[in-house]
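Beneath this line is the structure, given in structure tokens, with notes to follow.
The values are calculated or read from the model by the stated rules, or taken from the named source; none is laboratory data. Treat the numbers as computed from the prediction; the structure is a model and nothing was measured. Cβ placement follows ideal geometry from the backbone for every residue including glycine, while neighbour counts extend to all protein chains displayed. Heads up: the accessible areas ignore ligands, DNA and RNA and are worked out on the full protein's heavy atoms, side chains in. Shrake-Rupley method; radii C 1.70, N 1.55, O 1.52, S 1.80 Å.
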Amino acid sequence: MISAYYLQIIILVGINIIMASSLNLITGFTGQLSIGHAAFVSVGAYASALATLKLGFPFFASLLCGGLVAAFFGILIGIPTLKLKGDYLAIATLGFGEIVRIVFLNLEITGGAVGLRGIPKDTTLTWVIISVIVTLFVLYRIIRSRVGRALIAIREDETAAESMGINTTYYKILAFGVGAFFAGLGGGLFSHYFRYIQPNSFGFLKSIEYLCMVVLGGLGNIWGSVIGAAALTAIPELLRASADYRQLFYGAILVIMMRIRPEGIMGEGIFRKGNSAGDYLLSKIKIKFNK
Amino acid sequence: MFLQQLVNGIVLGSTYALIALGYTMVYGIIELINFAHGEIYMFGAFIGMILVTVYQVPFFIAFFLAMALASLLGITVEYLAYRPLRRSTRLAALISAIGASIFLQNLALLIMGSRPYSFPSPFVSKIYKTSFVTISKVEVIILIVSFLLMLGLTFLIQKTKIGIAMRATAQDKDTASLMGININKVITATFAVGSALGAAAGVMVGIYFRSVTPMMGLMPGLKGFVAAVLGGIGSIPGAMLGGLLLGVAEVMGAAYISSQYRDAVAFMILIVVLLFKPSGLIGSSLQEKV
Amino acid sequence: MNKKIISLLSILFLLSVLVASGCGGNDQPSGPASDPGPASEGEEAPESTVVKIGMVGPLSGGAATYGQSVRNGVEIAVNEANENNEIEGVVLELFAEDSEGDWSKAANAFSKLAEQDKVNVIVGGVLSSESEAGGPIIMSAQIPTISPSSTATGLTLGNPYLFRNCLSDEVQASQLAEYAVTELGLSKFAILYTNNDYGVALKNAFEETAGSLAEVLAVEAFMDNDENFKPQLTSIQQLNPEAIFIAGYYTEAAKIAQQAKEQGLDVQLLGADGFYSPVLIEIGADAVEGAIFTAGFHSGDESPAVQNFVNNYRELFNEEPDMFAAQAYDAARIVIEAIKSKGTAPEQIREGIAETENFPGITGNTSIDEEGDTIKDVLILKVENGAFDRIR
């Protein structure tokens, strides 16, 4: 019999796998750096919780509702901001994330700063496992399809992709929409597991945590997100034994991990510098020059 | 009241601008969002506070010592956390920066404890009052010092040899390297100058609000970063403008829209500005990049 | 590539295990060296049973200062009980877990304490959101939990395992508003509140009472960890209030007082128990002089219990206790009394806590009502000559 604590960590690992792999679609495959993923999660968490509490939806419908509302916001923020590139897009998503958090903090219907309590505990291990499998399956199918190749083309070279006839705006919005949908789904699982939600757990630090999972696991590799999510959920718990030094070690581990394997555990290509063998060789030569 | 709020915004904005300068300089050279910059700002404030209260060092000496020591810290962080990742992806370096930030914040927490420390103001508190605005002596000093530091920085970038090397490196690292510029040296210098400015902001905010805590770098760090992007990341005048604009926007948002939505208003303005100028206010011209 | 992955995963795993075993070898997260060490004590008195007391709160992150105060308070109570051999044949052991101020991480901490460490009782969470997220967990694990500082309205309703030991926001704010109007003769108020559950509850209660007795001119908000309050204060100054009620903690209140004074806004400052910390005076200095606030604890109290606590705290942590520490100490004392009267099993401790009646704590006489809420006396303190003075 597995202890309830381990069960909780396993469930959280599952939920974080959904968050990380959906962010990986946006950041790892499409190359759009997003520091606002927690906003989609919180939109989904609130939407599904309210659907259950106020509208009496069954659990499955609430989850779907959370995902759809988050996807709607993903597209909404996607349309105007997607002409931004690189770090400008990142900061716009960060701003969006903070705006969402502050709005939830002040809205009457979400309980404001007090939060929303009394959400039924519908999330079980079975639900989480099913959701993880569905998420990974759908993302895998997308990536292996024509759409996925278009997304990767956008990441590698947006201008070139456009000149090849790829409607870059459409595909970028698609990536944001799908990514946000799964983040919202995960948010629904989150709120129906903890039975309580409050906006302060969905700040930019949370978005950065998801980003860390993606990069640590390996950009552009779905299995990497699985490993990244599992590692960064488990490490802080393992570090509990080190008491006051816990966060210190956590920070150091991030630095050391990146130093040992900058491309992430499962990563292979060099993001934004081209994936070709030639580029890779070139980067090696440059290092020699510097030394 | 409008004028008073404008003054409030400019004072707040000038501290954001100083923090933003550190971000933007580093970004201009190695395209890295230096997340640990907020922590350098915090360490600067702590060093200043300890020098003044424990070692009784005169304030202005403490101010420069804090800048110097924070430079060393910035250089160390660069050497340990960023240099090994220079040829890898930008996101890997970003995660390393986040790790460094968490590490430094909790290091301060372990050394100093979590309670806020009081940072006694070295200036006699004095208020200048006109019929429209009230401004305190500390605020005037913050404005003057910020202005002088920015002026000094502009001189450094435009006129000195290291400044020219910085600009060359920002434009094209490889060519600059071929021209005999030691890239490592330039990067070290950039971190040193950026961190010193961050520490200066930290000390000034410390005396302004009379307290320092290990957590003080978190929000200003984020705001400084936002200000840098708002102005056009990589651009030095952009960082100054972005900082001031963000400060004024935040204050006006709190005053005329709703104090509950203070930060939301600031971020809203950021997004709107980016929609019309997708690379920040002064971000497009490569020549200005440092 | 596969070799690389395997090697990396093993490095990762080894690293975590190393960290976990190397630093936490003794597995007792409690702080300073002064604590006697349960292992050695176990040898001396082999028959003694170990009762595990858990603690959950922000030990790192933006709210760390509150969480660390709570841990300090609990630690003093635990050390005292162990040193004095207060409970026959029982050694108390403290397990403190960090929440980083994030409720979802607090839920992990609660779960670890309840399910993994098998603690008998928990003191925590510190922030209301932490206790809200932990509530369902400790209820299903049937571990009694007493929060020293979570003031959210209705927190303990419907959860027989969740208690708290803190002043009610509603009672404090309405008593203060009455006092300000009737005793101080103030009639025009402005409110500046933190936008969290604590600030909002205080604001609502104060606005209601003060609004019915006198006039509330302005209500402005700020966020936790804000530093610059000039825009709100400038807006408030326009309306010329006689007093500002600051619904928030000392960390922000001291800065608000400073900035108000700097701006020439010279009004009566009012506050609640969140003001109670030496840091308020240290940072606020002459700007907080004359501030009046409600509190449950007063370190100037002559009673030996209070003096004993204050001295121990100074000795152990080299600083003055704040209200978080005092309330946490009392919460831990309530737990110890419950163990004494009922026994060490979680269910017995729960009964003991629930039956607490007129417990003479350092934060006043305390009773727990049938909902798990606290009934306590409210003191009114004033800052005079850089010290807290009791005026009611």
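Applying the condition of being in a loop (DSSP other than H, G, I, E, B) and either under 18 Å from B:Ala249 (Cβ atoms) or away from chain A (no Cβ under 14 Å) (or both) to the range B:208-232 and asking which residue is farthest from the chain's Cα centre (by Cα) yields B:Arg210. Only one entry of C:Val181, C:Val200 meets the criterion of being open to solvent by 20 Å² or more (accessible area, probe 1.4 Å) and within 19 Å of the chain's Cα centre (by Cα), and that entry is C:Val200. Pairs are defined by a Cβ separation below 6 Å, a sequence spacing of at least 6 or placement on different chains, a first member in the range A:172-199 that is open to solvent by 10 Å² or more (accessible area, probe 1.4 Å), and a second member that is among the polar types (S, T, N, Q) and not in a helix (DSSP H, G or I); the pairs so defined are A:Tyr193/A:Thr123.
Residue count for the range B:241-256 under the criterion of being crowded, with 24+ Cβ neighbours inside 10 Å, free of Cβ contacts under 8 Å to residues at least 40 places away in the same chain and either farther than 14 Å from C:Phe229 by Cα or not hydrophobic (A, V, I, L, M, F, W, C) (or both): the result is 0. Considering the conditions (1) facing chain B (nearest Cβ under 8 Å); (2) open to solvent by 10 Å² or more (accessible area, probe 1.4 Å); (3) not polar (S, T, N, Q), A:Cys212 is excluded by exactly one of them, (2). Evaluating B:Met49 against the criteria (1) under 24 Å from B:Thr169 (Cα atoms); (2) away from chain A (no Cβ under 14 Å); (3) open to solvent by less than 20 Å² (accessible area, probe 1.4 Å); (4) of a type outside the set (S, T, N, Q) leaves one unmet condition, (1). Taking (1) touching a residue at least 40 places away in the same chain (Cβ under 8 Å); (2) part of a helix (DSSP H, G or I) in turn, A:Ala61 satisfies each apart from (1).
For the criterion of being modelled with pLDDT under 90, within 13 Å of the chain's Cα centre (by Cα) and surrounded by fewer than 24 Cβ atoms within 10 Å (Cβ to Cβ), B:Met268 fails. Of the residues in the range C:220-242, not one is open to solvent by less than 40 Å² (accessible area, probe 1.4 Å), in contact (Cβ under 8 Å) with a residue 60 or more places away in the chain and more than 14 Å from chain B (Cβ to nearest Cβ). The residue list B:Val138, B:Val145 contains one member that is assigned to a helix (DSSP H, G or I), modelled with pLDDT under 90 and not basic (Lys, Arg), which is B:Val138.
This table checks each residue for (1) more than 7 Å from chain A (Cβ to nearest Cβ); (2) surrounded by 18 or more Cβ atoms within 10 Å (Cβ to Cβ); (3) farther than 30 Å from C:Ile281 by Cβ.
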{"residue": "B:Ala92", "(1), (2), (3)": "no, yes, yes"}
{"residue": "B:Ser96", "(1), (2), (3)": "no, yes, yes"}
{"residue": "B:Ser118", "(1), (2), (3)": "yes, yes, no"}
{"residue": "B:Pro122", "(1), (2), (3)": "yes, no, no"}
{"residue": "B:Lys126", "(1), (2), (3)": "yes, no, no"}
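Taking the criterion of being within 20 Å of B:Glu139 (Cα to Cα) and without any contact (Cβ under 8 Å) to a residue 40 or more places away in the chain, no residue of the range B:11-57 qualifies. Quick check: anything in the range A:130-142 of a type outside the set (Gly, Ala, Ser) and within 14 Å of chain B (Cβ to nearest Cβ)? No, there is no match, as no residue in the range A:130-142 is of a type outside the set (Gly, Ala, Ser) and within 14 Å of chain B (Cβ to nearest Cβ). Take B:Val248 and decide whether it is among the β-branched types (Val, Ile, Thr) and farther than 25 Å from B:Phe60 by Cα. In short, yes. Among what's in the range C:109-125 and is open to solvent by 10 Å² or more (accessible area, probe 1.4 Å) and part of a helix (DSSP H, G or I), pick the residue that is nearest to A:Ser242 (Cα to Cα). Looking at the filtered set, the residue picked out is C:Lys112. For the range A:91-109, the set of residues classified as more than 9 Å from chain B (Cβ to nearest Cβ) and surrounded by fewer than 22 Cβ atoms within 10 Å (Cβ to Cβ) consists of A:Leu107, A:Glu108, A:Ile109, listed by residue number.
So that you can scan it fast, the table gives a plain yes or no per residue for (1) closer than 22 Å to B:Gln4 by Cα; (2) touching a strand residue (DSSP E or B) at 6+ places or on another chain (Cβ under 9 Å):
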| position | (1), (2) |
| --- | --- |
| C:Glu170 | no, no |
| C:Leu176 | no, yes |
| C:Tyr179 | no, yes |
| C:Leu184 | no, yes |
| C:Ala190 | yes, yes |
| C:Gly199 | no, yes |
| C:Thr209 | no, no |
| C:Leu233 | yes, yes |
| C:Glu242 | yes, yes |
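Test A:Gly228 against the stated conditions and say whether it is more than 9 Å from chain C (Cβ to nearest Cβ) and either closer than 30 Å to C:Gln68 by Cα or open to solvent by less than 10 Å² (accessible area, probe 1.4 Å) (or both). In short, yes.
Once the range B:76-90 is narrowed to residues that are within 24 Å of A:Tyr245 (Cβ to Cβ) and within 7 Å of another protein chain (Cβ to nearest Cβ), the residue that is surrounded by the most Cβ atoms within 10 Å (Cβ to Cβ) is B:Ala81. Here C:Glu100 meets the list (1) touching a strand residue (DSSP E or B) at 6+ places or on another chain (Cβ under 9 Å); (2) part of a loop (DSSP other than H, G, I, E, B); (3) facing chain A (nearest Cβ under 10 Å) almost entirely, failing just condition (1). Against the condition in contact with a helix residue (DSSP H, G or I) (Cβ under 9 Å, 6 or more places away or on another chain), away from chain B (no Cβ under 14 Å) and open to solvent by 10 Å² or more (accessible area, probe 1.4 Å), how does C:Leu213 come out, does it pass? The answer is yes for C:Leu213.
The residues of the range A:76-90 that are open to solvent by less than 70 Å² (accessible area, probe 1.4 Å) and either part of a helix (DSSP H, G or I) or charged (D, E, K, R) (or both), listed by number, are A:Ile77, A:Gly78, A:Pro80, A:Thr81, A:Gly86, A:Asp87, A:Tyr88, A:Leu89, A:Ala90.
One line per residue, one yes/no per condition, for (1) among the aromatic types (Phe, Trp, Tyr); (2) away from chain B (no Cβ under 14 Å); (3) open to solvent by 10 Å² or more (accessible area, probe 1.4 Å); (4) within 12 Å of the chain's Cα centre (by Cα):
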site	(1), (2), (3), (4)
A:Ser21	no, yes, no, yes
A:Thr30	no, no, no, no
A:Val41	no, yes, no, yes
A:Leu50	no, yes, yes, no
A:Ala61	no, yes, yes, no
A:Gly66	no, yes, no, no
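C:Ser150: part of a helix (DSSP H, G or I), open to solvent by less than 10 Å² (accessible area, probe 1.4 Å) and in the same structural domain as C:Thr344 (by TED's automatic domain parsing), yes or no? In short, no. Scoring C:Val335 on the criteria (1) over 18 Å from C:Ser168 (Cα atoms); (2) without any contact (Cβ under 8 Å) to a residue 24 or more places away in the chain leaves a single failure, condition (2).
Scan (1) open to solvent by 10 Å² or more (accessible area, probe 1.4 Å); (2) assigned to a loop (DSSP other than H, G, I, E, B); (3) farther than 22 Å from B:Arg262 by Cα; (4) in contact with a strand residue (DSSP E or B) (Cβ under 8 Å, 6 or more places away or on another chain) for the single condition C:Ile281 breaks and write down its number. Among (1) open to solvent by 10 Å² or more (accessible area, probe 1.4 Å); (2) assigned to a loop (DSSP other than H, G, I, E, B); (3) farther than 22 Å from B:Arg262 by Cα; (4) in contact with a strand residue (DSSP E or B) (Cβ under 8 Å, 6 or more places away or on another chain), C:Ile281 violates only (2).
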